[in-house]
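The values are calculated or read from the model by the stated rules, or taken from the named source; none is laboratory data. What you see is a predicted model, and the numbers here were worked out from it, not measured in a lab. Here the Cβ positions follow ideal geometry from the backbone for every residue, glycine too, while neighbour counts run over all protein chains shown.
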Amino acid sequence: MAKITQSISEAKEILEQDALCAIPTETVYGLAGNALKSEVVAKIFEAKKRPVFDPLICHVGSMEQMAPLVKEIPPKAKLLMEKFWPGPLTLLLPKTEKVPDLVTAGSPLVGIRMPSHPLTKSLLEQLEFPLAAPSANPFGYISPTTAVHVETQLGAEIAGILDGGSCDVGIESTIVGFEGEETVIYRSGGIAKEQIQGVVGKVKMGSTLSHPDLPQKAPGMLESHYAPNLPLYFGKAEDLLPKLKGKRVGVLSFKKVIVGVPREQQEILSIQGDIVEATQKLFGIMRKMDGRKDIDVILAQKFPEFGLGVAINDRLRRASKNH
Ligand code: TXA
Ligand code: MG
């Protein structure tokens, strides 16, 4: 069973012994291991039951730790790092031979980010190697935002969990890469498109399918992902409720209570309409709803399609492909 600890040195010891340790980041908890050793990286895929075509992000604590992993850093990538690192931004950059092919699923590009959570930042600074870490959930399920979420599902598979409280951002990092001169967002996340554009100008919303060098089924490219066990419907309550007649509906919404559904079956993410608060709570509330015995389906209302709302809608849309 995983040991839950708040001690950086305990986490460090576990990782130095080539075992797996979950780590807190500002986005979601990661399931970490030594990124430079294929045999350790293989354990991550196994613990998560993740298909090996889905590559892992490398986490670094400093620019010095990143340098040996990448061949070159395009000027726009540099600008983005200066602005958003440490923070919820992953960059796809050409990898060196130091990065095992298993980490990138055979792609010549590696996803790299520098997390800002103080415990993990400090852990990374003390380690001699970067950490490969996908979100610490079984493949396809909702990402974890507390140590207890990790323990419940992966506690038996891993050696330790570094407990850093609940995640500040609550949704995964934004993944950005480059196609020629173009900056492309492959996964929306904790840094909004508008913020990226503020630094590098126009960006394209892309999928890895549009890039010849990227693994075709990543990132989070799989249609059903981030999904609860209960069927989740995504859209407008007025359109969906008539279709769900006869079912006990649990409503997940941004700020408004829905007429026609008992109040105790509704989860409002932010009464004040604060998108940051709503994002922080999203995955925890989805897990809680998934555990309820008094509802049959989840109806998730669409969020305003800008800022963090774009990333939330992306996750809810994918979660809704589970039925
Ligand atoms: O916020 C985050 O990004 C969290 C925390 C733990 O850092 N990590 C995370 O990892 O969300 P994961 O593995 O659950 O999702 C990362 C996505 C995957 O869908 C993967 O396909 C994509 O990033 N990815 C990673 N490396 C890639 C690469 N070299 N090329 C294309 N996609 C990549
Ligand atoms: Mg994930």
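Tabulated results
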{"quantity": "Subset of the range 160-178 [more than 16 Å from ligand 2 (Cβ to nearest atom) and either hydrophobic (A, V, I, L, M, F, W, C) or not in a loop (DSSP other than H, G, I, E, B) (or both)]", "calculated": "GLY160, ILE161, LEU162, VAL176, GLY177, PHE178"}
{"quantity": "Residue match in the range 60-70 (condition: in contact with a Cys (Cβ under 7 Å, 6 or more places away or on another chain), more than 16 Å from ligand 2 (Cβ to nearest atom) and either in a helix (DSSP H, G or I) or acidic (Asp, Glu) (or both))", "calculated": "yes"}
{"quantity": "Those residues of the range 267-323 which are hydroxyl-bearing (Ser, Thr, Tyr) and under 20 Å from LYS243 (Cβ atoms), in sequence order", "calculated": "SER320"}
{"quantity": "Pick from the range 187-223, criterion assigned to a loop (DSSP other than H, G, I, E, B), modelled with pLDDT of 90 or more and surrounded by 22 or more Cβ atoms within 10 Å (Cβ to Cβ), ranking: nearest to ligand 2 (Cβ to nearest atom)", "calculated": "GLY189"}
{"quantity": "Per-region count, the range 44-75, residues surrounded by 20 or more Cβ atoms within 10 Å (Cβ to Cβ) and of a type in the set (Lys, Arg)", "calculated": "1"}
{"quantity": "Set LEU69, LEU79, LEU89: member being away from ligand 1 (no atom under 13 Å from the Cβ) and either out of contact with any Phe, Trp or Tyr (no Cβ under 8 Å at 6 or more places or on another chain) or farther than 28 Å from VAL276 by Cβ (or both)", "calculated": "LEU79"}
{"quantity": "Residues that are free of Cβ contacts under 8 Å to residues at least 24 places away in the same chain and closer than 14 Å to PRO24 by Cβ, drawn from the range 134-187", "calculated": "VAL148"}
{"quantity": "Test: residue in the range 35-48 that is at pLDDT below 95 and within 11 Å of ligand 1 (Cβ to nearest atom)", "calculated": "yes"}
{"quantity": "Matching residues in the range 1-37 - criterion: being among the basic types (Lys, Arg), in contact with an Asp or Glu (Cβ under 9 Å, 6 or more places away or on another chain) and not in a loop (DSSP other than H, G, I, E, B)", "calculated": "LYS3"}
{"quantity": "Enumeration of residues in the range 87-119 that are in a strand (DSSP E or B) and either crowded, with 24+ Cβ neighbours inside 10 Å or hydrophobic (A, V, I, L, M, F, W, C) (or both)", "calculated": "LEU89, THR90, LEU91, LEU92, LEU93, LEU109, VAL110, GLY111, ILE112, ARG113"}
{"quantity": "Hits in the range 93-115 - residues which are touching a residue at least 40 places away in the same chain (Cβ under 8 Å) and more than 11 Å from ligand 1 (Cβ to nearest atom)", "calculated": "LYS98, PRO100, LEU102"}
{"quantity": "For ARG187: the one exception among (1) within 15 Å of ligand 1 (Cβ to nearest atom); (2) closer than 17 Å to ALA136 by Cα; (3) in contact with an Asp or Glu (Cβ under 8 Å, 6 or more places away or on another chain)", "calculated": "(2)"}
{"quantity": "Top-ranked residue in the range 120-159 [being part of a loop (DSSP other than H, G, I, E, B) and more than 16 Å from ligand 2 (Cβ to nearest atom); ranked as surrounded by the most Cβ atoms within 10 Å (Cβ to Cβ)]", "calculated": "PRO130"}
{"quantity": "Selection status of VAL184, touching a helix residue (DSSP H, G or I) at 6+ places or on another chain (Cβ under 6 Å), over 30 Å from LEU15 (Cα atoms) and not in a loop (DSSP other than H, G, I, E, B)", "calculated": "no"}
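Listed here are the residues, each with its yes/no results for (1) surrounded by fewer than 18 Cβ atoms within 10 Å (Cβ to Cβ); (2) more than 16 Å from ligand 1 (Cβ to nearest atom); (3) of a type in the set (Ser, Thr, Tyr); (4) under 28 Å from the mean Cα position of the chain (by Cα).
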| site | (1), (2), (3), (4) |
| --- | --- |
| PRO231 | yes, yes, no, yes |
| ASP239 | yes, yes, no, no |
| LYS245 | yes, yes, no, no |
| SER253 | no, yes, yes, yes |
| VAL261 | no, yes, no, no |
| ILE271 | yes, yes, no, yes |
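Each row is one residue, and each column tells you yes or no for (1) under 18 Å from LEU123 (Cβ atoms); (2) within 21 Å of the chain's Cα centre (by Cα).
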site	(1), (2)
VAL60	yes, yes
GLU64	yes, no
LYS78	no, no
GLU82	no, no
GLY87	yes, yes
LEU91	no, yes
